[in-house]
Ligand code: 2BA
C-alpha cells in the first residue's frame, strides 16, 4: 500500500475531489499554506494500492493546472530602505507537488 501526498492549488481541489470520489478513491483534504508564497493551498492524503498510483497521478494531472503568480519579496533583515528595491517576481505555481510513500501498516477501526 502507498500514501500519496499531493499539494495542489485551492482552485483545483474541488474538481480533484470530485474525480477521486467518482473513480472510487478515498482521500482526506487538509487546508495548508505554501512556505514560499505563504498563500493557502490544499494537501490531499490518498491511501491506495500500489497498482492504482498511476490512476491517481492521472487524476491529479487532469485536475491541476499550472498558473503564474506575482510575488513581492519582503525586505531582507539588515537592508536599508535605500538599498532594497522590492521588484515583483513572477513564479510558476503547480500543477501539483506529489510525494508517494510506502505504508507499513493500515488499520481502519
Ligand atoms: P509555495 O512554497 O508557496 O511555493 C509556490 C511556488 O513558488 C512554487 O510552486 C515554486 O514555483 C515557487 N518557489 C517555491 N520555493 C521557492 C524558492 N525558494 N525560490 C524561488 N521560487 C520558489 P510549486 O513548486 O508548484 O509548489 C507549490 C506548493 O507545493 C508550494 O507552495 C508548497 O506548498 C508545495 N511544495 C512544493 N514543493 C514542495 C516540497 N519539496 N516539499 C513540501 N512542499 C512542497
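The values are calculated or read from the model by the stated rules, or taken from the named source; none is laboratory data. On a predicted model such as this, the values are computed, not experimentally measured, just so you know. For neighbour counting, all protein chains shown are included, and Cβ atoms are generated from backbone atoms with ideal geometry for every residue, glycine included.
A few comments on the model shown:
- Restricting the range 90-105 to residues that are outside any strand (DSSP E or B) and near the ligand (Cβ under 10 Å from one of its atoms), the residue that is surrounded by the most Cβ atoms within 10 Å (Cβ to Cβ) is 95.
- Of all residues in the range 17-39 being surrounded by 12 or more Cβ atoms within 10 Å (Cβ to Cβ) and within 14 Å of residue 97 (Cα to Cα), the one that is modelled with the highest pLDDT: 32
- Failed condition for residue 108, given (1) at pLDDT 90 or above; (2) within 14 Å of the ligand (Cβ to nearest atom): (2)
- In the range 1-43, the residues that are part of a strand (DSSP E or B), without any contact (Cβ under 8 Å) to a residue 40 or more places away in the chain and closer than 13 Å to residue 59 by Cα: 27
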